[in-house]
Amino acid sequence: MVRFYGNAAAKVDDKGRIVFPAIYRDAMARSGESDLTLIVKKSVQGNCLNLYTLEEWARRSDKVLDSIDPELNPLHASFWSKFNEDVFYVVPDGKLGRLNIPSELLKAVGINKEVVFAGTGYKIEVWAKESREASLMSDEEFHRTAAAISSK
């Protein structure tokens, strides 16, 4: 199972492609992930995009599906449709490892020219540079949260 850590900056080219950082391609290769197909979707939590391996996406979406019943509950059916809206497969091109992320997703999170990839273990967040900086938790809030979590 691949884990993604660290940050990497990249630029969006004139055709809307972004080079998939080597640190993440290398992590996939080291973990034995021979399929570089990724799933990209807009985050539920923040103003960014989430990249998942196919295996991780299946695990995460199955977990959500296990907690709802879209066949019998109309609210669950609407949620499930919205949850899966704008989910796309992306594959780095063979030459430079560029990702061709749909323009509507890039626009939805304000990505124009500069992006930050942020590995969070099981996924990679893709942020507009300015949005990433604004989203980060302060050191003080981080320490408070760490203390609260550790007391449980």
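Read the figures in this text as sums done on the coordinates, not as results from a lab. Just so we're clear, the structure is a prediction, and the values are computed from it rather than from any experiment. Quick reminder, even Gly has a Cβ in these numbers, built from the backbone with ideal geometry, and neighbours come from all protein chains shown.
Brief remarks on what is shown
- Taking the listed residues Glu140, Glu133, the one that is within 22 Å of Val12 (Cα to Cα) and out of contact with any strand residue (DSSP E or B) (no Cβ under 7 Å at 6 or more places or on another chain) is Glu133, with no other qualifying.
- Those residues of the stretch 102-118 which are over 14 Å from Arg132 (Cβ atoms) and in contact with a Leu (Cβ under 7 Å, 6 or more places away or on another chain), in sequence order: Leu105
- Residue match in the stretch 114-121 (condition: in a helix (DSSP H, G or I) and among the charged types (D, E, K, R)): no
- Check on Asn100, touching a residue at least 40 places away in the same chain (Cβ under 8 Å) and surrounded by fewer than 14 Cβ atoms within 10 Å (Cβ to Cβ): no
- Test: Trp57 is in contact with a Pro (Cβ under 6 Å, 6 or more places away or on another chain), without any contact (Cβ under 8 Å) to a residue 60 or more places away in the chain and farther than 20 Å from Val19 by Cβ: no
- When residues in the stretch 106-123 are screened for being within 18 Å of Val90 (Cα to Cα) and touching a helix residue (DSSP H, G or I) at 6+ places or on another chain (Cβ under 6 Å), 2 of them pass.
- Yes/no for Trp57 being more than 16 Å from Arg25 (Cα to Cα), among the aromatic types (Phe, Trp, Tyr) and within 12 Å of the chain's Cα centre (by Cα): yes
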